[in-house]
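Following: one structure in structure tokens, then a few remarks.
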């Protein structure tokens, strides 16, 4: 029997309360007000099964389930959740698992699961009487804050939250959002603002209790909440104007003192790892800190682990990295399945794990590039992403440094990337990346008979797979003419075509007497045709390919055909090897430079001399002056490509970003 999920709606309030009222579960995740207010962000769904209520949603891009609520066969319901996750191609992720339910998890899932505790998401639970009275020596400071507020604002008053005060509460929320300085924090509070608006728009349906604090006629603080279970009330939101000293403490005391006595406990939710918030919540002397655990199960994907040779830990990191990719880039499940099947490997992934969770990641994809007539190993940086709340904290700076060190150890000469937008060029510039000029392909002057050119159109992998070897040979021969072209092997070309077909694109091949003389990759977008790449022996063949693409998609006349262009950034990873190749290209040149500024790969810093086609490094501390054998100039690692590219640039296309 499978789970029959439906999107959570206001009509489900009585259903949820039926399960939570007497469940004794006090975590804020089960407050219907929270579930409903945040449902659009998390795409929350609900289902009943075997005496349990189950919530399914997406957390940080990953399919997740709240620990079921109810009574029945725990092993059966957990197995059903595993099967549901497997059906959706995800490992099982359970959230909101409190310590009292860990025995059920351990008994039913055993060694097939990984358990992570996250202090940042622990709930602070207080005795209602303690918050209302603020009595005792430990809460003296809180009483002082309240008394200070009353002294400063003798005309203050407390009012129940009604429709009359909603506009003022929303205005206070807007000003709170606008006061955030950090971009990551702004995104987080903007999402909370939307949840607040949704909750206040449905106060009665959600059974919200709330209050406002006024000084004169100005709302300086507001709060609201809803029950979690029979004896626990959840304070969902509390906002105050910090210009009014003591407003937060005052609204908290005024509100809690008016709660019905049936609520023995008040849940003031998590601190999310925010130092100031943690200090404030602890200062109220919580009765308990409700730890919540996340539980990952890899048993649903045992076959994948065995087939790919992954350890359970590697598999967990893979899926968390995939979830982070989904959160940051919003790509389709089909694309991510292709990327994480064909391109991702544990060895290529660089990531940071905090509290059992991947918070930043990137992939170092191996490629080959033409350089000085040789083929050299390079790394293409893909999927650079950080959890929104972790941005601006230096994680990516550290991760890029680690990735560069790994590239150096792997023997890569260069790192390449294609920034997703203009603002990122300066970002990568800090890590030693040089912004290359745009480069155009020259014609490949090969004799052919135009009258014998015929085209083949491919729109599925089933059609194109038998000819991939032939296409790759043509593509490889074409690109090897280009001084700094990045090459594609047959396996990579397979992935490129599969990605293209996911977007309803096509590959068109031009042949003359069975010989490939042109290739084009194109995809329709609205009323335009995007040409991702086109290789041909002449402009005539290129026009033939363009005409065939228009016909393939049913476009008549002069439809806009946009040629995709990629601006590339390049970083030197192994300066000595690069300059050795440069010296071989310039046997009649004598040169001497000091490479400086490489903080990630300090081995690159130092004095290099080349003559007679050979390069040598004289050490990091060698003098760079006439007395040491000749003058030299200092070149920052970032500017080194400008010297040997000589106005040219790498040619990079058909990359999976």
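Couple of notes before you dig in:
- Residue list for segment 258-285, restricted to those being part of a loop (DSSP other than H, G, I, E, B), surrounded by 14 or more Cβ atoms within 10 Å (Cβ to Cβ), in contact (Cβ under 8 Å) with a residue 60 or more places away in the chain and within 34 Å of the chain's Cα centre (by Cα): 268, 269, 270, 271, 273
- Taking the listed residues 216, 246, 225, the one that is modelled with pLDDT of 95 or more and assigned by TED's automatic domain parsing to the domain that holds residue 152 is 225, with no other qualifying.
- Out of 238, 243, 205, sole residue that is surrounded by fewer than 23 Cβ atoms within 10 Å (Cβ to Cβ) and in contact with a helix residue (DSSP H, G or I) (Cβ under 6 Å, 6 or more places away or on another chain): 205
- Residue within segment 60-68 that is under 21 Å from residue 35 (Cα atoms), over 24 Å from the mean Cα position of the chain (by Cα) and assigned by TED's automatic domain parsing to the domain that holds residue 40 present: yes
- Near pairs, Cβ below 7 angstrom, 6+ apart or cross-chain, from segment 124-137 (farther than 14 Å from residue 249 by Cβ) to any residue that is assigned to a helix (DSSP H, G or I): 124/281; 128/256
- Complete set of residues in segment 50-59 that are within 29 Å of residue 332 (Cβ to Cβ) and crowded, with 19+ Cβ neighbours inside 10 Å: 54, 55, 56, 57
- Every pair of residues 6+ apart whose Cβ atoms lie under 6 Å, when the first sits in segment 586-597 and is under 11 Å from residue 643 (Cβ atoms) while the second is at pLDDT below 95 and assigned to a loop (DSSP other than H, G, I, E, B): 593/632
- With respect to the conditions (1) under 30 Å from residue 528 (Cβ atoms); (2) surrounded by 18 or more Cβ atoms within 10 Å (Cβ to Cβ), residue 454 falls short on a single one, namely (2).
- From the list 132, 151, 168, 188, the lone residue that is outside the structural domain of residue 92 (by TED's automatic domain parsing) and loosely packed, with under 12 Cβ neighbours inside 10 Å is 151.
- Restricting segment 568-585 to residues that are part of a loop (DSSP other than H, G, I, E, B) and in contact with a strand residue (DSSP E or B) (Cβ under 7 Å, 6 or more places away or on another chain), the residue that is nearest to residue 434 (Cα to Cα) is 568.
The values are calculated or read from the model by the stated rules, or taken from the named source; none is laboratory data. Only a predicted model underlies this, so the values are computations on that prediction, with no experimental measurement involved. Because the Cβ atoms are built from the backbone with ideal geometry, glycine has one as well, and the counts that use them run over all protein chains shown.
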